[in-house]
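Worksheet for the structure shown next.
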Amino acid sequence: MRTIVLILLTMAGYSSGVTLAAREREFLPKILDLIVAALLWVAVFWLRPQMGRWVILGVAVLLSLVVGYLLTAVRMRHVDDTAVIPQSELPEHAREKGDTAVSGNIFRRGWRKWEHFAGKMGNVQGRLLMGYFYFIVVTPFGIGIRLFSDPLNIKKRPEQSDWHPKEPTDLTIEGAREQG
């Protein structure tokens with residue numbers, strides 16, 4: 001059970017760091033992210049015997065958060081921020097200001113910001129989990145099917161061909177008249 005908790009906390013820390021560094025920009029995890037998250041798991045499991053039971057949980061979250069933040073900040077340093085369209089280029093209905101009431105309650109605003117952040121963090125986490133699923137489950141089946149199956153019987157050479165010999169065409173005027 002502790003192993004699963006450490007894996008999940010490390011994943012949550014890493015995806016939080018990625019989300020913080022990416023800000024509002026679109027971030028799609030790459031193979032590098034899968035490798036780094038797996039290396040973080042190895043590091044946390046290596047540190048586990050040297051630390052207490054509760055200390056390792058904090059170390060797992062903080063270490064993965066910092067690594068995720070730094071790696072994403074380095075990778076996205078040249079990516080422009082989200083594009084802002086000037087008001088003059090927007091259609092008329094988009095220029096109108098909505099009278100949406102913004103709550104003055106600090107807790108409600110904080111909760112909305114947390115929901116937004118948690119949604120982006122969950123997006124990164126889900127993509128990482130799907131990446132692991134793909135490489136651990138789908139890829140071995142795909143390689144096995146590719147190597148060991150032959151549904152079209154391409155690898156077998158038949159003894160005889162199913163092609164029919166082509167009859168030579170008649171190039172005379174009489175043959176051309178019989179064509180239609």
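Computed from the coordinates by the stated procedures, all read-outs in this text should not be read as laboratory data. Keep in mind that this is a model prediction, so the values were computed, not measured. Please note: Cβ atoms are built from the backbone with ideal geometry, for glycine as well, and neighbour counts cover all protein chains shown.
Given 20 °C and 1.002 mPa s, compute D for the chain with the Stokes-Einstein relation, Rh being the Kirkwood radius over Cα pairs; round to the nearest whole µm²/s.
The calculation lands on 96 µm²/s.
To the nearest 20 debye, what is the magnitude of the charge dipole of segment 1-95 about its Cα centre, counting +1 on the Cβ of each Lys and Arg and -1 on the Cβ of each Asp and Glu?
600 debye
How much length is gained if the chain between Asp170 and Ala73 is pulled fully straight, taking 0.36 nm per residue apart and subtracting their Cα-Cα distance, in nm to one decimal?
Length gained, Asp170 through Ala73: 27.5 nm.
Count charges around Leu171 for me, please; just the other residues with Cβ under 13 Å from its Cβ, Lys/Arg as +1, Asp/Glu as -1.
-3
Choose one of Thr3, Ala60, Ser16: the residue whose Cα lies farthest towards the positive end of the charge dipole of segment 1-73 (beta-carbon charges +1 Lys, Arg; -1 Asp, Glu; about the Cα centre).
Thr3
Give, in whole angstrom and from largest to smallest, the semi-axes √(5λ) of the equivalent ellipsoid of segment 108-147, with λ running over the eigenvalues of the Cα gyration tensor.
Equivalent ellipsoid of segment 108-147: 37, 5, 4 Å, largest first.
Going through the DSSP H helices of the chain, which span 27 Å or more along their own axis at the Cα atoms while scoring at least -1.0 as a mean Kyte-Doolittle hydropathy?
2-22, 53-75, 106-133
At 0.36 nm per residue, and after removing the present C-alpha to C-alpha distance, how many nm does the segment from Glu26 to Asn153 gain when stretched out fully?
The span from Glu26 to Asn153 would gain 41.3 nm if fully extended.
If the viscosity is 1.002 mPa s and the temperature 20 °C, what translational diffusion coefficient in µm²/s does Stokes-Einstein give for segment 5-47 when Rh comes from Kirkwood over Cα pairs?
Answer from the Stokes-Einstein relation: 195 µm²/s.
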